[in-house]
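Reviewing the structure listed below.
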Amino acid sequence: MTEKYRDAIENITLIKPKKLMVEVEETMSSRENSHRNGYSQDADRYAGNGDRLAPHTIYWDTLSPIDVLNRGRVAIFIDGANLFYAAMQLGIEIDYTKLLRRLTSGSKLLRSFFYTGVDPHNEKQQNFLLWMRRNGYRVVTKNLTLFPDGSKKANLDVEIAVDMLKLVGSYDTAVLVSGDGDLAYAVNAVSYQGARVEVVSLRSMTSDSSIDVADCYIDLDVIKGDIKKDR
C-alpha cells in the first residue's frame, strides 16, 4: 500500500446517515427511555452541523433493532484471546452457541471466524476447537510462541485484517469481536469500501481508535447475560 493511499484513508471522516440520527433522536426522549428501548447515547452525540458524529457518539446496547439498522448479510470476526480475557474480567464463561446467536441477531450469517493461538499438545484446547468447527465457526489458528519470560502468545491481527478485507463485497456488516486498536486501520478500510462495522468488546479493553472508526460499538458488559454459560 502506497503512502499516498494510506494517507487518503487515514484522513477520511466517516459520514453517518442523517436519517438514522433523526430516527434515533426521535426514539429517545430520555436516557432512561433509551435504555428501555435498547439504546444509549453519549452526551456529545453530534458534531457541528449534525451530519458528522463525534467520537463515542452512539452506543448500541443490543444488536436487535434491525428495523433501525439494516445489517444485511453479516460476517463475524472473533479475536479469541481478546474475548477470553474480557470474559475473565466479567467473571463469566462464554457460551459460544449463545454468542453466535446474539451476534447474528436474526440477520443472515455469511460466516463466523474464530482466531486463536494454539498449543498442539493441549488436548483440551484441541477438543474445544473441534467443537467450534462443528458448531458454526471457521477456526483460524497459529501456534503459540514461547517468550523468554515464559509467556506464550500468538498474534493473529494480520489474519483478522486480511480476512475482513478479502471478504468485503460478500457481506454488508462486519462484526469485530476485539478491542485491539491495531485493528482500527482495517476497520476504517472496510468502512471506506462501503461495509458497516460493529465493534464488540469490553469497554475497559477497547481502544478509542477502534470505536471512533466503527459504525457502532457494543459493550460486552451490557450483553453478558445473553452470552454466558448457565451455571
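The values are calculated or read from the model by the stated rules, or taken from the named source; none is laboratory data. All values derive from a computational prediction rather than experimental measurement. Accessible surface areas use protein heavy atoms only, side chains included; no ligands, DNA or RNA. Shrake-Rupley method; radii C 1.70, N 1.55, O 1.52, S 1.80 Å.
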Just to confirm, what accessible area per residue do you get for segment 90-197 at 1.4 Å probe, in whole Å²? 52 Å²
Percent of Cα-Cα pairs per 10 Å bin, from 0 to the last occupied bin, for segment 132-201, please list those. 17, 43, 29, 9, 1
Taking a probe of 1.4 angstrom, what is the accessible area of Glu123 in Å², to the nearest 10? 130 Å²
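In the structure shown, do any of Lys98/Lys224; Lys124/Lys152; Lys124/Lys153; Lys142/Lys228; Lys98/Lys166; Lys152/Lys224 have a Cα-Cα gap over 21 Å, and if so which?
Details: Lys98/Lys224 10 Å; Lys124/Lys152 17 Å; Lys124/Lys153 18 Å; Lys142/Lys228 26 Å; Lys98/Lys166 27 Å; Lys152/Lys224 27 Å.
Long pairs (Cα-Cα over 21 Å): Lys142/Lys228; Lys98/Lys166; Lys152/Lys224.
Using the Kirkwood radius built from alpha carbon pairs, what does the Stokes-Einstein equation give as D for segment 162-215 at 4 °C and 1.567 mPa s, in µm² per second?
Working: Rh = 10.9 Å.
The Stokes-Einstein estimate is 119 µm²/s.
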Asp208 - accessible surface, heavy atoms, 1.4 Å probe, Å² rounded to 10: 70 Å²
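If you count the DSSP beta bridges with both ends in segment 123-222, what percent of them are antiparallel, to the nearest 5?
On the way: 2 of 12 bridges.
So the antiparallel bridges amount to about 15 percent of the total.
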Taking a 1.4 Å probe, which of Tyr192, Tyr217, Tyr185 shows the most accessible area, and what order do the others take after it? Tyr192, Tyr185, Tyr217
Given a 1.4 Å probe and heavy atoms of the protein chains only, how would you sort Ile92, Ile218, largest accessible area at the top? Ile92, Ile218
What percentage of the solvent-accessible surface of segment 113-156, computed with a 1.4 Å probe over protein heavy atoms, is contributed by carbon and sulfur atoms? 50 percent
With every protein chain in place, the accessible area of Leu144 for a 1.4 Å probe, in Å² rounded to the nearest 10, comes to 60 Å²
